[in-house]
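Colleague: Let me give you the structure first, and then I'll get to my questions.
The values are calculated or read from the model by the stated rules, or taken from the named source; none is laboratory data. Remember, it's a predicted structure, so these values are computed and weren't measured experimentally. Here Cβ is always computed from backbone atoms with ideal geometry, including for glycine, and neighbour counts include all displayed protein chains.
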Amino acid sequence: MKKLWGCCYWLFFCNVIMAQVDRKGTVYTTADKTALRLSANGSLTFKEYKQPSEKEPCIFVDESVGLQTFIGIGAALTDAAAETFDKLPKQQQQELLTAYFDKGKGIGYTMARTHINSCDFSSGSYTYVKDNDTLLKTFNIAPDLRYRIPFIKQAIATAGKLNLFVSPWTPPAWMKDNNDMLHGGKLKNEFAQAWANYYIKFINAYEKEGIPIWGLTVQNEPMAKQRWESCIFSAEDERDFIKTYLGPTLKSNGMGNKKLIAWDHNRDLLYQRASVLMKDPVAAKYIWGFGFHWYETWTGGPMQFENLKLVSQAYPEKNLIFTEGCKEKFNMDSIHDWSLGERYGFSMINDFNNGTSAWTDWNIVLDEKGGPNHVGNLCFAPVHADTKNGKLIYTNAYYYIGHFSKFIKPGAIRIASSSNRAELQTTAFKNTDGSIAIVVINTTEKRLPYYVWMQGKASLTESLPRSISTLIIQ
């Protein structure tokens with residue numbers, strides 16, 4: 001059971017011990033119109049407080065209730081990110097690596113994603129084989145050797161370890177019915193085994209370079225016909241490819257331990273996809289979990305977190321992982337718009353509260369134009385590089401993500417937390433060292449005093465206007 005086993009004993013033991021001592025804590029905050037950026041700006045002292053009043057804003061935390069296990073947070077190490085990184089002076093390169101991957105000086109990313117073949121955030125389209133090479137004898141990852149692989153290696157060296165998963169945007173054009181890497185199209189059935197073998201070739205090639213692969217997704221955004229690299233897989237297509245080709249091929253090549261992630265698209269169709277795949281016991285046995293993006297909001301609607309909850313409830317033995325999200329249509333004039341980070345905070349709290357175990361952002365860094373991108377699909381990243389002047393520009397999204405990644409450690413257990421005010425949203429985790437990390441966001445323009453209530457004791461604190469805080473309780 002992913003939710004509790006392996007962690008129940010220490011959670012129970014810590015509950016018994018900590019319930020007998022006074023708790024203290026520190027508040028770390030990032031707030032609009034202030035200099036606070038992941039800054040310690042308050043302390044917590046708990047006093048007896050049996051029954052809060054309904055008039056008092058409160059966040060309630062119950063560490064006796066253990067939910068899913070936290071795996072980690074990270075971002076995509078794309079061609080675009082690697083090329084941008086390469087244009088920076090050495091000092092700024094090290095600054096970026098430290099900012100993201102150093103557990104003490106930075107925000108401690110522990111996960112990463114990269115792509116198989118090119119994606120939209122590449123400077124051009126490419127594959128690793130020559131046309132019609134069904135035996136993959138010409139397979140060669142030479143396109144990745146100049147920028148991407150050196151960048152990934154430096155990220156791993158800084159982090160110590162990264163759970164890296166890989167995703168294809170498309171098979172080579174000759175394997176598809178539209179004979180095009182772009183504009184959707186479908187995998188031809190006669191090339192299904194060759195395409196399954198392609199994943200194995202890629203994983204082996206990267207691991208030969210000293211880059212361990214933790215997992216893989218079947219197909220990036222399998223229901224999107226894009227003007228860039230894309231390929232369509234219906235639920236039935238993905239089911240049959242997993243059970244007949246990809247799952248058995250991973251197993252027969254000694255890669256059955258790689259985390260196979262299905263769907264890798266928006267929350268809107270997540271349950272439909274999961275239900276089709278999970279109703280086939282052969283396909284289901286190969287699937288580690290389901291990946292999802294946040295772009296269902298492109299129509300202007302709300303993020304559909306209820307679909308995460310339903311999948312988590314229906315298939316508790318499987319994991320949920322956020323595999324991609326960013327703000328699109330880059331504009332340098334709005335790079336410091338505070339809503340950028342707020343979208344991250346809102347999504348992360350609600351994703352975790354609905355069963356998500358891991359969370360990976362899209363491009364870790366992009367240039368001052370929101371690229372490079374070979375089809376003009378320019379986007380925001382938490383950090384942008386001014387490559388002309390050799391400087392890094394940190395958006396508030398970097399700090400919002402850091403309020404989770406810096407303080408919630410792999411192996412932590414999400415614990416029960418709730419707010420009695422809609423203006424304050426929260427999630428909470430208990431780390432393996434016994435510390436508790438409570439994240440609170442306030443998207444209003446008001447200062448909001450509130451109590452943190454635990455086991456009949458409470459501490460009064462305050463949420464600043466348009467802020468995110470992490471409360472660390474020892």
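Colleague: Which residue is farthest from Asn220 (Cα to Cα), if the candidates are limited to the stretch 174-183 and must be touching a residue at least 40 places away in the same chain (Cβ under 8 Å) and surrounded by fewer than 20 Cβ atoms within 10 Å (Cβ to Cβ)?
Modeller: So, considering only residues that are touching a residue at least 40 places away in the same chain (Cβ under 8 Å) and surrounded by fewer than 20 Cβ atoms within 10 Å (Cβ to Cβ), the one farthest from Asn220 (Cα to Cα) is Trp174.
Colleague: Continuing with the same structure: Pairs, please: C-beta under 8 Å, at least 6 apart or cross-chain, first residue at positive phi and in the stretch 378-402, second at pLDDT 95 or above and outside any loop (DSSP other than H, G, I, E, B)?
Modeller: Once the first residue is at positive phi and sits in the stretch 378-402, its partners that are at pLDDT 95 or above and outside any loop (DSSP other than H, G, I, E, B) give Gly390/Gln92.
Residue-by-condition table, conditions (1) out of contact with any Pro (no Cβ under 9 Å at 6 or more places or on another chain); (2) without any contact (Cβ under 8 Å) to a residue 24 or more places away in the chain; (3) surrounded by fewer than 24 Cβ atoms within 10 Å (Cβ to Cβ):
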{"position": "Phe121", "(1), (2), (3)": "no, no, no"}
{"position": "Pro150", "(1), (2), (3)": "yes, no, yes"}
{"position": "Gln154", "(1), (2), (3)": "yes, no, yes"}
{"position": "Thr158", "(1), (2), (3)": "yes, no, yes"}
{"position": "Lys161", "(1), (2), (3)": "no, no, yes"}
{"position": "Pro171", "(1), (2), (3)": "yes, no, no"}
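Colleague: Which of the residues that make up the stretch 197-230 are out of contact with any strand residue (DSSP E or B) (no Cβ under 8 Å at 6 or more places or on another chain) and charged (D, E, K, R)?
Modeller: Of everything in the stretch 197-230, those that are out of contact with any strand residue (DSSP E or B) (no Cβ under 8 Å at 6 or more places or on another chain) and charged (D, E, K, R) turn out to be Lys201, Glu207, Lys208, Glu209, Lys225.
Colleague: State the number of residues belonging to the stretch 205-215 that are part of a helix (DSSP H, G or I) and either without any contact (Cβ under 8 Å) to a residue 40 or more places away in the chain or on the phi > 0 side of the Ramachandran plot (or both).
Modeller: Residues flagged as part of a helix (DSSP H, G or I) and either without any contact (Cβ under 8 Å) to a residue 40 or more places away in the chain or on the phi > 0 side of the Ramachandran plot (or both) within the stretch 205-215 amount to 2.
Colleague: Which ones in the stretch 103-117 are closer than 18 Å to Ile211 by Cβ and either free of Cβ contacts under 8 Å to residues at least 24 places away in the same chain or in a loop (DSSP other than H, G, I, E, B) (or both)?
Modeller: Tyr109, Thr110, Asn117
Colleague: Is it the case that Tyr400 is farther than 23 Å from Val65 by Cβ, surrounded by 23 or more Cβ atoms within 10 Å (Cβ to Cβ) and of a type outside the set (S, T, N, Q)?
Modeller: So Tyr400 fits the description; yes.
Colleague: Still on this structure, I have one more. Residues in the stretch 220-228: is at least one modelled with pLDDT of 95 or more, over 16 Å from Ala262 (Cα atoms), out of contact with any His (no Cβ under 8 Å at 6 or more places or on another chain) and in the same structural domain as Thr84 (by TED's automatic domain parsing)?
Modeller: No, there is no match, as no residue in the stretch 220-228 is modelled with pLDDT of 95 or more, over 16 Å from Ala262 (Cα atoms), out of contact with any His (no Cβ under 8 Å at 6 or more places or on another chain) and in the same structural domain as Thr84 (by TED's automatic domain parsing).
Colleague: Go through the stretch 307-322 and count every residue that is over 18 Å from the mean Cα position of the chain (by Cα) and of a type outside the set (Ser, Thr, Tyr).
Modeller: Residues in the stretch 307-322 being over 18 Å from the mean Cα position of the chain (by Cα) and of a type outside the set (Ser, Thr, Tyr): 5 in total.
Colleague: I'm trying to understand the selection: among the residues of the stretch 175-184, which are at positive phi and within 27 Å of the chain's Cα centre (by Cα)?
Modeller: His183, Gly184
Colleague: Given the criteria touching a Ser or Thr at 6+ places or on another chain (Cβ under 9 Å), within 25 Å of Leu164 (Cβ to Cβ), modelled with pLDDT of 95 or more and part of a strand (DSSP E or B), does Thr360 qualify?
Modeller: yes
Colleague: Name every residue in the stretch 414-437 that is in a strand (DSSP E or B), out of contact with any helix residue (DSSP H, G or I) (no Cβ under 6 Å at 6 or more places or on another chain) and closer than 17 Å to Ser469 by Cβ, in order of residue number.
Modeller: Ser417, Ser418, Ser419, Leu424, Thr426, Ala428, Phe429, Ile436, Ala437
Colleague: Looking for whichever is free of Cβ contacts under 8 Å to residues at least 12 places away in the same chain and either under 25 Å from the mean Cα position of the chain (by Cα) or not assigned by TED's automatic domain parsing to the domain that holds Gly345 (or both) here; the options are Ala422, Ala428. Which one fits?
Modeller: Ala422
Colleague: Okay, moving on. When you check Asp120 against the structure, is it assigned to a helix (DSSP H, G or I), closer than 26 Å to Lys391 by Cα and not small (Gly, Ala, Ser), yes or no?
Modeller: No, not satisfied.
Colleague: Inspect the stretch 338-361 for any residue being at negative phi and touching a His at 6+ places or on another chain (Cβ under 9 Å) and give the result as yes or no.
Modeller: Among the residues of the stretch 338-361, at least one is at negative phi and touching a His at 6+ places or on another chain (Cβ under 9 Å), which makes the answer yes.
Colleague: Mind counting the residues in the stretch 337-384 that are of a type in the set (Val, Ile, Thr) and under 26 Å from Asn319 (Cα atoms)?
Modeller: Here the count works out to 4.
Colleague: On to the next question. Being part of a loop (DSSP other than H, G, I, E, B), without any contact (Cβ under 8 Å) to a residue 60 or more places away in the chain and within 26 Å of the chain's Cα centre (by Cα), is that true of even one residue in the stretch 438-461?
Modeller: Yes: one or more hits.
Here's the yes/no breakdown for (1) crowded, with 18+ Cβ neighbours inside 10 Å; (2) without any contact (Cβ under 8 Å) to a residue 60 or more places away in the chain; (3) of a type outside the set (Ser, Thr, Tyr); (4) in contact with a helix residue (DSSP H, G or I) (Cβ under 8 Å, 6 or more places away or on another chain):
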{"site": "Ser167", "(1), (2), (3), (4)": "yes, no, no, no"}
{"site": "Ala194", "(1), (2), (3), (4)": "yes, no, yes, yes"}
{"site": "Thr217", "(1), (2), (3), (4)": "yes, no, no, no"}
{"site": "Ala235", "(1), (2), (3), (4)": "yes, yes, yes, yes"}
